[in-house]
Amino acid sequence: GAIVRLNGRSFALRRRDAAEASAGSGGANVVRAPMPGTVVVVHKRVGDKVQRGETVVTIESMKLQMKLDAPRDGEIAEIAAREGEGFDKDAVLARLAAPAEG
């Protein structure tokens, strides 16, 4: 890992291996906040179908807006984010339904 200083704040970065980033990991079912901030827009609702890369939530952190996208194709099972609400780093803002076993 590495520590990055930006605008007087420190952020710890860590490397993710391919297995952790793959669709088989639990991380592929959630949309997490990469840093603390505030929810600007919630684009999806529970039950909505999404495709990988489709924007689920827009956040603002340090005056920068950032779109958080679906990690895979699926269906929204939970939206934990509310517009105007603050959150901490790594907070789960949305969760996809578990993939159907086939």
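Per-residue answers, yes or no, for (1) closer than 21 Å to Phe11 by Cβ; (2) assigned to a loop (DSSP other than H, G, I, E, B); (3) of a type in the set (A, V, I, L, M):
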{"residue": "Val56", "(1), (2), (3)": "no, no, yes"}
{"residue": "Glu60", "(1), (2), (3)": "yes, no, no"}
{"residue": "Gln65", "(1), (2), (3)": "yes, no, no"}
{"residue": "Glu75", "(1), (2), (3)": "no, no, no"}
{"residue": "Glu78", "(1), (2), (3)": "no, no, no"}
{"residue": "Lys89", "(1), (2), (3)": "yes, yes, no"}
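One line per residue, one yes/no per condition, for (1) modelled with pLDDT of 70 or more; (2) open to solvent by 70 Å² or more (accessible area, probe 1.4 Å); (3) in contact with a Pro (Cβ under 6 Å, 6 or more places away or on another chain):
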site: Val4; (1), (2), (3): yes, no, no
site: Asn7; (1), (2), (3): yes, yes, no
site: Phe11; (1), (2), (3): yes, no, no
site: Arg16; (1), (2), (3): no, yes, no
site: Val30; (1), (2), (3): yes, no, no
site: Ala33; (1), (2), (3): yes, no, no
site: Val39; (1), (2), (3): yes, no, no
site: Val42; (1), (2), (3): yes, no, no
site: Gly47; (1), (2), (3): yes, no, no
Any idea how many residues of the stretch 61-85 are surrounded by 14 or more Cβ atoms within 10 Å (Cβ to Cβ) and either more than 15 Å from Arg32 (Cβ to Cβ) or hydrophobic (A, V, I, L, M, F, W, C) (or both)? 11
Glu54 passes all but one of the listed conditions (1) at pLDDT 90 or above; (2) farther than 19 Å from Arg95 by Cβ; (3) charged (D, E, K, R); the exception is number (2)
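The values are calculated or read from the model by the stated rules, or taken from the named source; none is laboratory data. Just so we're clear, the structure is a prediction, and the values are computed from it rather than from any experiment. Because the Cβ atoms are built from the backbone with ideal geometry, glycine has one as well, and the counts that use them run over all protein chains shown. For accessibility, only protein heavy atoms count, side chains too; no ligands or nucleic acids. Shrake-Rupley method; radii C 1.70, N 1.55, O 1.52, S 1.80 Å.
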